[in-house]
Every structure is written in structure tokens, then in C-alpha cells.
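What follows is calculated from the coordinates using simple rules that are stated; it is not laboratory data. Computed from a predicted structure; not experimentally measured. A quick note on method: Cβ atoms are made from the backbone with ideal geometry, for glycine too, and the neighbour counts reach across all protein chains shown.
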């Protein structure tokens with residue numbers, strides 16, 4: 001997980017640089033379209049994709065993901081990348097709460113503790129940057 005955080009720190013800084021040199025909406029579409037095309041081979045002949053119900057759910061999820069990408073690239077142009085990414089990292093806490101309360105996922109307390117630690121890290125980054 002630490003390696004993933006390290007890689008994401010580098011790519012978020014490089015992504016901000018790319019966004020500043022181009023249009024944020026263009027970059028968001030180009031980057032995520034390229035990422036999706038890269039993963040197409042893993043989706044071929046996947047049984048979940050051949051259901052009409054799953055197709056429409058996929059369209060809804062895809063539309064919400066597109067909105068997330070637009071808001072992501074617009075937000076990262078407005079502030080320092082480290083601040084925006086740290087605020088974005090607060091979302092797992094809500095996901096864990098939804099998972100535990102609505103979907104009755106197992107080991108809720110452990111996941112909630114881990115998500116709270118991530119949120120505390122984001123808060124520390126925020127206050128450290130206020131100096």
C-alpha cells in the first residue's frame with residue numbers, strides 16, 4: 001500500500017503539470033480514456049458485461065465516474081495537488097461507513113479504524129500546510 005501511495009504521489013504531481021499545460025477537461029478525458037483502453041483486454045469475455053441490467057448499471061457508474069473525473073481535474077487546477085489529493089482521500093471513510101451500515105460488510109471496526117487513520121493523515125497534511 002505504501003508503494004501505491006508513493007506512485008500516486010508522483011503521478012498526481014505529474015498529472016497536475018499536464019493539466020496546467022493543457023485544458024483540464026481535455027486532459028481528464030484523454031488520460032482516463034487511455035487508461036480504459038489499456039485495460040480492455042482484461043474485460044473481454046467477462047460474463048458480467050453481457051447482461052442488460054449490468055450494462056445500464058455500468059452506464060450509470062460510468063457517468064458518475066465521468067463527473068468525478070471532471071471535478072477532479074478542475075479541483076486540482078485550483079489548489080496545490082497535495083491538498084486536493086489529501087481531501088480526496090477522505091472519501092474512503094464514507095465508503096467504509098456505507099459498507100458497514102448499508103451493506104453489512106464484515107470487520108467494520110477494523111476498516112473504520114484504518115479509514116480514520118487515513119483521514120487523520122489528510123487533516124495533518126492540511127494543518128501542516130497552513131504554516
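Each residue of the range 80-131 gets 56 Å³ once the volume of the Cα convex hull is shared out per residue. Spatial offset of the range 114-128 relative to the range 12-27 amounts to 25 Å, using the alpha carbon center of each.
Here the label points at residue 97 and residue 71, each 7 Å from Cα along the C-beta direction, are separated by 1.5 nm in the simple model. Packing order of peptides 6-13, 59-66, 111-118, highest average first: 111-118, 6-13, 59-66 (average count of other Cβ atoms within 10 Å over each peptide's residues). Put simply, the convex hull of the Cα atoms in the chain casts, on average, a shadow of 10.2 nm².
For the peptides 32-42, 84-94, residues were scored by their other Cβ atoms within 10 Å and the scores averaged per peptide; the highest-first order is 84-94, 32-42. Extension gain for residue 6-residue 22 works out to 3.3 nm (0.36 nm per residue, less the C-alpha to C-alpha distance).
Rounded to the nearest 500, the helix-only mean residue ellipticity at 222 nm of the chain stands at -27000 deg cm²/dmol, with each DSSP H run of n ≥ 4 adding -39,500 (n - 2.57).
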